[in-house]
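So the structure is just underneath, and the comments pick up after that.
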Protein chains: 2
Amino acid sequence: MPNLHLALLHYPVLNKRGETIASAVTNLDLHDIARAAKTFGVKTFYVVTPLEDQKDLVERIVSHWKTGEGALYNPKRKEALELIHVKDTLKDVLDHIHQKGMGFPKTVVTCARSFGRSIGYELFREMLKDGRSYLLVFGTAWGLSEEFLNIADFILEPVKGNTDYNHLSVRSAVSIILDRLLGREYYPAT
Amino acid sequence: MPNLHLALLHYPVLNKRGETIASAVTNLDLHDIARAAKTFGVKTFYVVTPLEDQKDLVERIVSHWKTGEGALYNPKRKEALELIHVKDTLKDVLDHIHQKGMGFPKTVVTCARSFGRSIGYELFREMLKDGRSYLLVFGTAWGLSEEFLNIADFILEPVKGNTDYNHLSVRSAVSIILDRLLGREYYPAT
């Protein structure tokens, strides 16, 4: 199983006008992305926000499903939400993975735009077989800032459909990207 | 472009105990699935519910983004939500597609379980090239009833990750299935 981790950033991200903001946490991001991560064998799902009230919100949602009524009502949801860790910054995420003895992961950022140095899905699928740890980073709101993209180790090609419309939700983008990287359709059981 | 339509059923679907119910409409289902449908060139996104209050809810959400404040704030959202049509029953959906002169579509249902007669993604991709109309049907809540699956023309293989966990959200399942059927990763631009 690849050593892949996922981070959903709420700061620093862009708003519609291109300004750097801290976005609010969306309940269904936690559920949908945790379920997709669990389905595709992602090791950890980091929710990154420095805002105290937003961190509290995530902890409350996760604990409802991990230990509260939700855990009895839907144990499968518990299994998925157990992948969630809340961190203040991306640096805290990298340190946490390192502390677990998995080394400092290479960061792979996602963006709706293409860059000269963007890597494709086939290449990243190959890289995932090298045993090193990778952190796949998604931005909320209008996406990750250019500065942020510049300092990442790798930028992943955007998901293209078969039209010019290029406005998937982050929940859809995460699902499709995990399927492209790890789905059985690409790696048939032998 | 394939002649593919999508229906999200809120009745008849199953609850956790396997009883047939009418489920509530989820706002983010409309947004995420409309955006994915627009990205992958799906012609129509039918939201199926016989409940008057739920139909009103869908119409209110859609009109906010099509003609209300939302249309000015985010015109890209408008383009996606314009794909939505609300219908009482699946029969009304089939009639609507027929009335648009596209013939009666073949129904292709999705399910988290596999059946002897399930078809794979590669076969369905080929079928989509034959120019006939197809309606891809997704259930909400705990999914479509067995009776319902039995009368469909085709059943599509479930989305498998690379684990035994098999509990994607309908939003994730739609996104992955459209990518598998229509994404450029499978049909590279030539």
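No lab work stands behind these numbers, since they all come straight from the coordinates. Remember, it's a predicted structure, so these values are computed and weren't measured experimentally. In this analysis, Cβ positions are derived from the backbone assuming ideal geometry, glycine residues included, and neighbour counts consider all displayed protein chains.
Per DSSP H run of n ≥ 4, the term is -39500 (n - 2.57); total these for chain B, divide by its residue number, and report the mean residue ellipticity at 222 nm rounded to 500 deg cm²/dmol. Working shown, then result.
Numbers: 8 runs with 74 residues, N = 190.
Computed mean residue ellipticity for chain B: -11000 deg cm²/dmol.
Write down the Å³ per residue value for the convex hull defined by the alpha carbon atoms of region B:30-85. Present the calculation step by step, with values, prior to reporting the outcome.
Values: hull volume 3.6 nm³, N = 56.
Dividing the Cα hull volume of region B:30-85 by its residue count gives 64 Å³.
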- Can you list, shortest first in nanometers, how far B:Asp130 lies from the same residue in the other copies, with each label 7 Å from Cα toward Cβ? 4.5
- Taking H placed 1.01 Å from N in the peptide plane, check which residues at least 5 places from B:Val86 or on another chain put their amide H under 5 Å from its amide H. B:Val47
- Note on the structure: Label points for B:Ala24 built 7 Å along Cα→Cβ; distances to same position in the other copies, nm, shortest first, come to 1.8
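Mind checking A:150-163 for the average number of partner chain beta-carbons within 10 Å of each residue's beta-carbon? Walk me through the numbers on the way to the answer.
Values: counts 0, 0, 0, 0, 0, 0, 0, 2, 0, 7, 7, 13, 14, 8.
What the average comes to for A:150-163 is 4.
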- Item | Diffusion coefficient, µm² s⁻¹, Stokes-Einstein with Kirkwood Rh over alpha-carbon pairs of chain A at 10 °C and 1.306 mPa s | 93
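Rounded to whole Å and ordered largest first, report the semi-axes of the equivalent ellipsoid of region A:125-190 derived from its Cα gyration tensor (root of 5λ).
23, 18, 10
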- Tell me, what is a quarter of the convex hull surface for the C-alpha atoms of region A:80-164, in nm² with one decimal? 7.3
- Item | Filtered trypsin sites (Lys or Arg not before Pro), region A:15-75: DSSP coil and at most 12 other beta carbons within 10 Å | A:Lys16, A:Arg17
- Message: I need the fraction of alpha carbon pairs in region A:1-51 separated by more than 19 Å, rounded to a whole percent.
- Response: 36
- Query: What are the ³J(HN,Hα) values, in whole Hz, obtained from phi via the Karplus relation 6.51 cos²θ - 1.76 cosθ + 1.60 with θ = phi - 60°, for each residue of region B:119-128 in sequence order, with x given for Gly and Pro?
  - Reply: 9, x, 5, 5, 5, 5, 4, 5, 4, 5
- Message: At 7 angstrom along the Cα-to-beta-carbon line, where would the label on B:Lys106 sit relative to the other copies? Give the distances in nm, shortest first.
- Response: 4.2
- Message: Treating only the Cα positions of the protein assembly as shown as identical point scatterers, give the base-10 log of I(q)/I(0) from the Debye formula at each q in 0.10, 0.11, 0.14 Å⁻¹.
- Response: -0.64, -0.78, -1.31
